Every structure is written in structure tokens, then in C-alpha cells.
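Any read-out appearing in this document is the output of simple, stated calculations on the displayed coordinates, not a laboratory observation. Just so you know, these numbers come straight off a predicted model, no measurement behind them. So basically every Cβ, Gly included, is an ideal-geometry build from the backbone, and we count neighbours across all protein chains shown.
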Amino acid sequence: MDTGLSLKLGLEFDNLEDAWKFWVNYGGSKGFGVRKHYPSKNKKDGCITSYIYVCCKEGMRKPDKRDFKTNNPRPETRTGCATRMKVKRVGERYRVVDFIDDHNHPLHPPETVHLLPCQRKITDCQAYDLEMAEQAGIQQKASFDLMSKYTGGRENLGYTREDAKNYLNSKRRRDMAYGEAGILLQYFQQQLIDNPSFFHAYQMDLEEQITNIFWADARMLFDYHCFGDVILLDTTYCTNGDHRPLAIFSGFNHYRGGVIFGAALLYDETIESFKWLFQTFLQAHNQKNPQTIFTDQETKP
């Protein structure tokens, strides 16, 4: 499984990043995983003068004082492998000054090299494809199988299904923190701080994505308690680029002025979404049922 990479003493790199990339590719071509060991720094200016890169099975795991509490300890994966490459700064470049090729463990065949952590990476193009597939409603397994066929097999894809799942989950967390959903949830949290009577709820799908959101502030809760015998549910509002329906529960006070009893952003207008919406609405209002409900013509309960 040699891809033509040649490692010998005196080989030079422009920087440490190039040296690390070479070591990763070299390990992949030979069938072993790699990791960084430790750098040596100049005490005066803190610059790295040398770096050692090793096999992923270098050394042995240190004893853990908590081991006696562990019912199913992790298996030992290190074997004390001595294989390593040391680069030293010479001028503005880094030169290989030490290389040991002495594995004491079996190497991986080409069919399994792609499973090594150091060989797995989702490129920008692959990340874009994963995001587009998810937005199109394609299941993660189907998306992964399709992309594997495009590349001629899973071993050529460069990442595993678990990597794809972790990437999409991380993206959702980033979107939750900084995207529209994150801003909305931050607003809800602030409302709870300002007024503990504020109510909000959201529904998530099997892939932990937010689908439906409902909220009602203290004024809405009080108005429903007083004037909630007759309510109107209107979902004709579409306020965002995704054309997601904004559902408004409204009514009239004793001055015939309009009042709001609650609001929701829905993913769609399916039976499941409306079932969740009505259950959540009653939960917000202490299970008080209205006597009459009027709905717009577009609603499909």
C-alpha cells in the first residue's frame, strides 16, 4: 500500500504544517495512524525549534486512579510503538533529523485505512453537499450511501457516517447559537428572566432539529383567561423566506379590541403539527378549553 511517498533523513519542509500533512499522508500510505508527540521551544523567544511526530500506538496508557470504579474499561490501544519522525528548524525551514520505522503491531490494509481518525476529514465541498441533502429532506444514511457511490466506495469518501452525523449536529448547534433559532431562544430566555409567567415550547424531530415553536407572554395568558371563550386561529401569515406559517391565536376583549392569546412558527400545516400546536396551546393556558374556534380557510387541521 505504498503511494510513492518517500521519507528519509534530510527531507525539508517550509513549515510545521507541511511537515504534519506529510506525516499524515505517509502514515496513510503505509497503513498506520499518526499523532503529534511534543515540540521543543526556544526559551528566549518561544519559537518551536523541533517537533516529534509518532505512530498513534506510541507509548502506553497511564494508569487511572478511577479505574476501580469502571465496569467496562476501554481496551488498551497503544503498544509502545517506536515509529516516529523528528523535524528540526534549520534556518527558515524544518528538516527531518531522525526517523524510526519500527512498528510492533499489524498495519491496516488499504480497505480500512480510511477509518483511521487522522485520515478522516470532511472537505468544504462535502460539507456543502451534506447540508444541501439535509435541507432537501434526504435521510443521513441515504445521503451517505449516495456520496459513497459517487466516489467509488466508502474507502474513497474520506469520512465515515458517524463523522457526517457529528458534523451536521455541530452545525445545528452553531445555528442554534448564532442563527435565527438561536436568537429566538435567547429572546425567550430573556423573557423568562423578565417575567417568569412567560411560556414557550418547541418541538424537535428525530434528527434533533427544531420544527415548531410556540410562545405566549404574560399579557396573552391573562387575556385568554378573561376573553378566551371564542378564539380565532389564523395561519395565513408567512413572514420568512422559507414560507413557514406563522399561527396566531386571537380574540376580542370587552371593548371589541383585538387581543392575542399565543403565537407559533410551524414547520408545515400537517395534522401532526396542528395536534402539537393545540396540545401546547392548552398546556400554556392550564388546559382551559375555548367554547368556539374559528379558523382561516387555508388551515388543514
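Cα extents for the range 121-178 along the principal axes, largest to smallest and rounded to whole angstrom: 37, 23, 18. FRET efficiency for the pair residue 44 and residue 102, taken as 1/(1 + (r/R0)^6) with r the Cβ-Cβ distance and R0 = 30 Å, rounds to 0.30. Evaluated at q = 0.10, 0.11 Å⁻¹, a Debye calculation over the C-alpha positions of the chain (equal weights, vacuum) places log10 I(q)/I(0) at -0.79, -0.85.
Across 165, 43, 288, mean-square fluctuation computed from a Gaussian network of the chain (C-alpha pairs under 10 Å connected) peaks at 43. Structural descriptor for the range 180-295: relative contact order 25 percent, calculated from alpha carbon pairs under 8 angstrom and at least 6 residues apart.
Here the sum of -39500 (n - 2.57) over DSSP H runs of 4 or more residues, divided by the residues of the chain, equals -10000 deg cm²/dmol at 222 nm, to the nearest 500.
Output the relative contact order of the range 220-279, whole-number percent, from Cα pairs under 8 angstrom with separation of 6+ residues.
RCO, the range 220-279: 30 percent.
Ordering 81, 125 from the fewest to the most neighbouring beta carbons within 10 Å gives 125, 81. Exposure proxy ranking for 78, 35, based on other Cβ atoms within 10 angstrom of each Cβ and starting from the fewest, stands as 78, 35.
Under 8 Å for C-alpha pairs, at least 6 residues apart: give me the relative contact order for the chain, rounded to a whole percent.
11 percent
Each listed q (0.11 Å⁻¹) maps to a log10 I(q)/I(0) for the range 180-295, found by the Debye formula over equal Cα scatterers with no solvent: -0.35.
Too long at a 24 Å Cα-Cα cut-off: which of 8/121; 30/121; 21/171; 8/36; 21/121; 165/275? Long pairs (Cα-Cα over 24 Å): 8/121; 21/171; 165/275. Taking other C-beta atoms within 10 Å as the exposure proxy, 254, 103, 225 rank 254, 225, 103 from fewest upward.
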